[in-house]
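Asks: One structure is given below, represented as structure tokens, and several questions about it will come after.
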Amino acid sequence: MKQEVKSLEDKVLKEVSLDKSIFGLEPKDSIIHRMIRYQLSKKRSGNHKTKGISEISGTTKKPFKQKGTGSARQGSRRSPQMRGGAVIFGPVVRTHSHKLPKKIRSLALKMVLSSKLKDGKLKIMDDFKLSKPKTSILKNKLDKLKIDSALFIGSEETEKNFSVAVRNVPKIDFLPAVGINVYDILRRDILILSIDALNALNERFAK
């Protein structure tokens, strides 16, 4: 599987071979869905909380006498049927994360990479180096490339100017190769890998 390597100026520099075991799989929606659900569940804060009867402040005295009122007996103003009372079986602070086998996580990432290549929305670039960390410089290059929604995966150390410049451009994201993930890839239309990121992927899945 051959893929052209271009520069930020849209010039073809060379060709590279893509590993079929990473970029040549048939995507399955069920696997990708499980991975997205896994990622979004981990992002949930889980800090929703209601007060139980032991946490409600208030007197333990009966709100009114037990007999002779014609109303049902009540034992406390903190009871759930009273205004301002407790909530029974309400949400508590907890984690929403769940486990997903490492093989499924790796497979989902490979399938998303394969899907982008299959749809013609995977690009390989030599690097993303900019002369200055300026958004205007990057915006001009993106306009020439006709890119308005993309995720760039590269080396944070060698592309510092790019990672700073990209912060103010809507729908354009940058991630280091170690942070590549299914959810962020699917959020953007085009996936652009640097040569360093491609090599990092090959090493990651060769283990």
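The values are calculated or read from the model by the stated rules, or taken from the named source; none is laboratory data. This is a predicted model, so every value here is computed, not measured. Every residue, glycine as well, gets a Cβ built from its backbone with ideal geometry; the counts of neighbours run over all protein chains shown.
Asks: Among the listed residues Ser136, Ser114, which satisfies the condition of being of a type outside the set (Lys, Arg), at pLDDT 90 or above, surrounded by fewer than 16 Cβ atoms within 10 Å (Cβ to Cβ) and not in a loop (DSSP other than H, G, I, E, B)?
Replies: One residue alone meets the criteria, Ser136.
Asks: Okay, next question. Being surrounded by fewer than 12 Cβ atoms within 10 Å (Cβ to Cβ) and without any contact (Cβ under 8 Å) to a residue 12 or more places away in the chain is the filter here, so list the residues in segment 37-53 that pass it.
Replies: The answer is Lys43, Ser45.
Asks: Still on this structure, please answer the following. Within segment 143-187, work out how many residues are outside any loop (DSSP other than H, G, I, E, B) and surrounded by fewer than 19 Cβ atoms within 10 Å (Cβ to Cβ).
Replies: Total satisfying the criteria: 17.
Asks: Quick check on my filter: what residues within segment 71-119 are of a type in the set (Val, Ile, Thr) and under 30 Å from Asp19 (Cα atoms)?
Replies: Selection gives Ile104, Val112.
Asks: Return yes when Lys67 is under 36 Å from the mean Cα position of the chain (by Cα) and not aliphatic (A, V, I, L, M) and no when it is not.
Replies: Considered against the rule, which asks whether it is under 36 Å from the mean Cα position of the chain (by Cα) and not aliphatic (A, V, I, L, M), Lys67 comes out as no.
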